[in-house]
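Worksheet: the structure to be examined is printed underneath.
The values are calculated or read from the model by the stated rules, or taken from the named source; none is laboratory data. Only a predicted model underlies this, so the values are computations on that prediction, with no experimental measurement involved. Counting neighbours? That spans all protein chains shown, and the Cβs are built from the backbone with ideal geometry, glycine included.
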Amino acid sequence: MDSWILTTKNFLLNPHYRGLGLDELRWMFTPFWGHYTPLTWMTLGLDYLLWGMDPAGYHLSNVLLHVATAVAFYFLTIQLLRLATGSGGEDKALWAGAAFAALFFAVHPLRVESVAWITERRDVLSGLFYVLTIFAYLRAVDRVGRGARWYWVSVVLFACALLSKAMAISLPVVLLILDVYPLRRLGGPVGWWSASARHVYTEKIPFVLLAGVASAVALAALFHTLGTSSSMDWVSPLDRLSISGYGLGFYLWKTVAPLNLSPLYELPIKINPWSPTFIWNYILVLIFIVATFALRHRLPGLLAAWLAYVVILLPVIGIVQNGDHIAADRYTYLACLGWAIMAGAGIFYCWRPLVRRRIGLRTFVFINGVAVVVVVGLGGLTWNQAQVWHDTDRLWKHVLSAVGESKIAHNNLGNAMVKRGELGEAIKHYRQALRIDPAYAQAHNDLGVALLREGKLTGATEHFCQALRLGYDLAQKNLTVALARLGKREDTVRRCREAQSNM
């Protein structure tokens, strides 16, 4: 079952989150179904109390949370740049760099999926708590005497991030990376196992424990939802490694050139690790690894950003493949924070000579002109990408135009047309989905439903049987209806029994 059907079931057809009463809260904090995101559900419950089922209110909440994250990120970037460069708090170059970093993060078109898709409220909410956790942690390190208070604030904020989305489990490792640079509490003169270094490791214990509990709950909930088998069981270890390499390169490239973005990058039916698309991404990743390590002394922030990028993406780049996509824009919400900081650092180092009167006005105007063009350009791309999410037809047609043929896009377009009564056009899309992947069980079931509505009972029964052969349990009910209308012809009944015995 793809994530888009789960979205409909978990949001549009789900009455349990609608409110903040005891029954709703009990359901939100029950861990053994789907993704465990009780704080996210609480915000959606609050939205329901405010807006009912009007989607505009939910979208507004997503936008406001995203803006809050960008503002928090601005102040976090000021702290990080100050620590990395030794600049004072009144340095205008520091403000300019942080402002550019926040804008680069906020208006980048890779953010559209997380903000426009109501179901991805968990991205913007966990992102806000994630940024605030790091901010509080840096304050704890910086505040002698009052650091303990900020430290426990950071632990609580981390717990909130985990209760919003489990992807925040990467944060303890990210904090260790920051301890190396720019905090310089590990490595270098301090060493890796001195008394002060051991203290740095010890203070991560609450974070690690929380991350461990969150991981266990998330895996239990996923296991309970998917059962003992997964539609991705066919993905081999080599395939998973290839997908990981592809993802690391893909997100890097899309950060720099966010063109042809899509709500769905479908996992190929057959993965060829040596295809040109995969090879180019391997090369990009290899070049980046070599460059970051070669420049680690001159640009330590680049290495820190790269390591944080990899660590944050590890749970979602194919090592544990459990979806029908090879990549997703929403996974960059946390992972690309480091690249935004590096972009801000670039502006900082361009502004600093001006503040110290070492460059002329023309150069300054040129630098700022480039920065404005980048922000405006990203904003324009973001506006265009947001239009893709206007309605179902536009979204899935965009997928087909952006990434080519997609069985999921064709199938979901067919579903949208069935709802409008356009059965003929829907059947064309279902058949196209099956031409792409004859073993696509859901398309067999959905095509069977369309044929059943057209009165083509034999054809509908055949497709329901095929869906059952492929393990699509939901086809059983539809098959029962088709057999009842068909009069249970002996040959059809026999084939359906064979299908059920092969489930």
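Things to note:
- Condition met for Ala140 (part of a helix (DSSP H, G or I) and out of contact with any Lys or Arg (no Cβ under 9 Å at 6 or more places or on another chain)): no
- Within region 455-464, the residues that satisfy the criterion of being modelled with pLDDT of 90 or more and of a type in the set (A, V, I, L, M, F, W, C) are Ala460, Phe464.
- Some residue of region 193-212 being under 20 Å from Val71 (Cβ atoms), of a type in the set (Gly, Ala, Ser) and either in a helix (DSSP H, G or I) or in contact (Cβ under 8 Å) with a residue 60 or more places away in the chain (or both): no
- Contact map, region 118-131: first residue closer than 10 Å to Leu39 by Cα, second residue outside any helix (DSSP H, G or I) and among the hydroxyl-bearing types (Ser, Thr, Tyr), Cβ cut-off under 6 Å, separation 6 or more or different chains; pairs are Arg122/Thr37.
- Val373 under 29 Å from Arg111 (Cβ atoms) and β-branched (Val, Ile, Thr): yes
- Residue within region 15-29 that is more than 30 Å from Gln442 (Cβ to Cβ), modelled with pLDDT of 90 or more and either hydroxyl-bearing (Ser, Thr, Tyr) or not assigned by TED's automatic domain parsing to the domain that holds Val180 (or both) present: no
- Region 292-308, subset in contact with a Leu (Cβ under 8 Å, 6 or more places away or on another chain) and assigned to a helix (DSSP H, G or I), residue farthest from Val131 (Cα to Cα): Phe293
- The numbered conditions (1) at pLDDT 90 or above; (2) surrounded by 16 or more Cβ atoms within 10 Å (Cβ to Cβ); (3) in contact with a Leu (Cβ under 9 Å, 6 or more places away or on another chain) are all true for Tyr36 except (1).
- Breaking point among (1) free of Cβ contacts under 8 Å to residues at least 12 places away in the same chain; (2) touching a helix residue (DSSP H, G or I) at 6+ places or on another chain (Cβ under 9 Å), for Ile287: (2)
- Taking every residue in region 37-58 that is in contact (Cβ under 8 Å) with a residue 60 or more places away in the chain and pairing it with any residue that is of a type in the set (S, T, N, Q) and outside any helix (DSSP H, G or I), at least 6 positions away or on another chain, the pairs with Cβ-Cβ distances below 9 Å are Pro38/Thr30.
- Here Tyr58, Tyr17 are screened, and the one residue that is more than 18 Å from the chain's Cα centre (by Cα), within 20 Å of Pro263 (Cβ to Cβ) and crowded, with 16+ Cβ neighbours inside 10 Å is Tyr58.
This table checks each residue for (1) touching a helix residue (DSSP H, G or I) at 6+ places or on another chain (Cβ under 6 Å); (2) at pLDDT below 95; (3) surrounded by fewer than 20 Cβ atoms within 10 Å (Cβ to Cβ); (4) farther than 25 Å from Leu264 by Cα.
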{"position": "His66", "(1), (2), (3), (4)": "yes, no, no, no"}
{"position": "Gly88", "(1), (2), (3), (4)": "no, yes, yes, yes"}
{"position": "Gly97", "(1), (2), (3), (4)": "yes, yes, no, yes"}
{"position": "Val115", "(1), (2), (3), (4)": "yes, no, no, no"}
{"position": "Ile118", "(1), (2), (3), (4)": "yes, yes, yes, no"}
{"position": "Phe129", "(1), (2), (3), (4)": "yes, no, no, yes"}
{"position": "Ala140", "(1), (2), (3), (4)": "yes, yes, yes, yes"}
